1. Could you grab me the full set of residues in segment 44-63 that are among the small types (Gly, Ala, Ser) and in contact (Cβ under 8 Å) with a residue 60 or more places away in the chain?
2. Say whether the condition of being hydroxyl-bearing (Ser, Thr, Tyr), more than 17 Å from GLY131 (Cα to Cα) and surrounded by 18 or more Cβ atoms within 10 Å (Cβ to Cβ) is met by at least one residue in segment 68-77.
3. So how many residues does segment 26-75 have that are of a type in the set (Val, Ile, Thr) and either farther than 21 Å from MET114 by Cβ or touching a Lys or Arg at 6+ places or on another chain (Cβ under 7 Å) (or both)?
4. Looking at ALA64, ALA97, ALA133, ALA57, which is the one that is in contact with a Leu (Cβ under 7 Å, 6 or more places away or on another chain) and surrounded by fewer than 16 Cβ atoms within 10 Å (Cβ to Cβ)?
5. Tell me which residues, restricted to segment 71-105, are part of a loop (DSSP other than H, G, I, E, B) and either over 17 Å from ARG51 (Cβ atoms) or free of Cβ contacts under 8 Å to residues at least 24 places away in the same chain (or both).
6. Does any residue of segment 15-33 turn out to be in a helix (DSSP H, G or I) and of a type in the set (S, T, N, Q)?
Amino acid sequence: MTALAALQDCLAAEHAAIYGYGVLGGVLGGDNNAASDQALATAGYVAHRTRRDELTALITGLDADPVPAEPAYATPFPITGTPDCRRLGRHIEHRTAAVYSFAVAETVRGTRRMLASALLDAARREVRWGGEAQAFPGVTDS
């Protein structure tokens, strides 16, 4: 995999994360008892939009066309209430961390630092959504 392909994968993951956080916001917005989850969803949405914009600029700076967002994304399970939202938040962040963990290995210097920071941010958000802290976020046992 090339560094550019890794960056494109990260951008694709950010597009999917932004969509997923939109789903979270729609469901959590109707739950008056989910204020802390709403705040976490808002912060995650903003963070992923910021990363998307950084990656888009980086890819454009490499004279490449950034991968576009899909018109829609399927959720991995039905989202009907706050527990499902928390599960989806964990899923989004775990998946995003996995993509960043692979991309870190394909990049150098400032780009690697940016991607490592994004990996750490995703791992922290996964824990805030109720996930367990991992020694190597985004890396699965196999």
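Every number in this text was worked out from the coordinates using simple rules, so none of it is lab data. Computed from a prediction, not measured in an experiment: that's the story for all the values here. Counting neighbours? That spans all protein chains shown, and the Cβs are built from the backbone with ideal geometry, glycine included.
1. The first filter runs over segment 44-63 and keeps only residues among the small types (Gly, Ala, Ser), leaving 44, 47, 57, 61.
Answer for segment 44-63, where residues must be among the small types (Gly, Ala, Ser) and in contact (Cβ under 8 Å) with a residue 60 or more places away in the chain: GLY44, ALA47.
2. no
3. Narrowing segment 26-75 to residues of a type in the set (Val, Ile, Thr): 27, 42, 46, 50, 56, 59-60, 67, 75.
From what's left, either farther than 21 Å from MET114 by Cβ or touching a Lys or Arg at 6+ places or on another chain (Cβ under 7 Å) (or both): 27, 42, 75.
Matching residues across segment 26-75 total 3.
4. ALA64
5. Residues satisfying the conditions are PRO71, ALA72, ALA74, THR75, PRO76, PHE77, PRO78, ILE79, THR80, GLY81, ALA105.
6. Within segment 15-33, the subset in a helix (DSSP H, G or I) is 15-28.
From what's left, of a type in the set (S, T, N, Q): none.
No - not one qualifying residue is present in segment 15-33.
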